[in-house]
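Notes follow the structure.
The values are calculated or read from the model by the stated rules, or taken from the named source; none is laboratory data. Note that the coordinates shown come from a computational prediction; the quantities given were computed from them, not determined experimentally. Using ideal geometry, Cβ is built from the backbone for each residue, glycine included, and neighbour counts are taken over all protein chains shown.
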Amino acid sequence: MARYTDPVCRQCRRIGEKLFLKGDRCFTPRCAIERRRRPPGSQNPRRRRPSDWAFQLREKQKARFIYGVLERQFRNYFDMARDRPGVTGENLLQILERRLDNVVYRLAFVDSRRQGRQLVNHGHFHVNGGRMDIPSYLVRPGDVISWKRVGDSTPEFIDTLTDGLPKRPVPTWLRMDPAKLTGEVAALPDNTEIDTGIDVRLIVEFYSK
């Protein structure tokens, strides 16, 4: 499957705000937005007021970049959210939050969603005791996420990565056991705790045309 392989900081510069795609680096002066605020590529000296469609496209791209989802998969998520009862935008955010690579990030097991996707791909996580290497796997209430163990121990890099857990607040729809390095999905994601700054109303308007 195709995957974005260019520097992720270009995505932040393209959107014009921090998307926190590189973990701790985004909080330092080395962040690309702090050093180069202009969007990548050649610059057009003429500036026009963006249209409503441009604002909607920007918000859709912003959501895609944050969760690391390609266009076709994102559209599939939107169709899934639209077919479910409730508010389409809230359903969409809930689906994106349930992705396994996002869940291990929310549990503070990794520093970024991109790092979480890589480690899930390499088979370092188990779901309900079974190996799971699909980052797009949608967790359900009651699922238990744990690190893959070799015998009675975890690899050294895991001990380094998880030292000092929790590194950041864990949402209430997840429960984490720092001692056992496990997490449990206690409920479906609560939209009031999703702090990505995405205006889902614009995304719904974009796909409704």
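A few comments on the model shown:
- Matching residues in segment 58-94 - criterion: being in contact with a Pro (Cβ under 9 Å, 6 or more places away or on another chain) and part of a helix (DSSP H, G or I): 58, 91, 93, 94
- Residues (surrounded by fewer than 18 Cβ atoms within 10 Å (Cβ to Cβ) and either over 18 Å from the mean Cα position of the chain (by Cα) or in a helix (DSSP H, G or I) (or both)) located in segment 120-142: 121, 123, 126, 128, 129, 130, 131, 141, 142
- None of 113, 117 is among the charged types (D, E, K, R), touching a Pro at 6+ places or on another chain (Cβ under 8 Å), at pLDDT 85 or above and crowded, with 20+ Cβ neighbours inside 10 Å except 117.
- In segment 99-110, the residues that are crowded, with 24+ Cβ neighbours inside 10 Å, of a type in the set (Phe, Trp, Tyr) and part of a helix (DSSP H, G or I): none
- If you check 196, 192 for being of a type outside the set (A, V, I, L, M, F, W, C), at pLDDT below 90 and either farther than 27 Å from residue 78 by Cβ or not in a loop (DSSP other than H, G, I, E, B) (or both), only one passes: 192.
- Hits in segment 60-97 (condition: closer than 15 Å to residue 194 by Cβ, in contact with a helix residue (DSSP H, G or I) (Cβ under 8 Å, 6 or more places away or on another chain) and free of Cβ contacts under 8 Å to residues at least 12 places away in the same chain): 91
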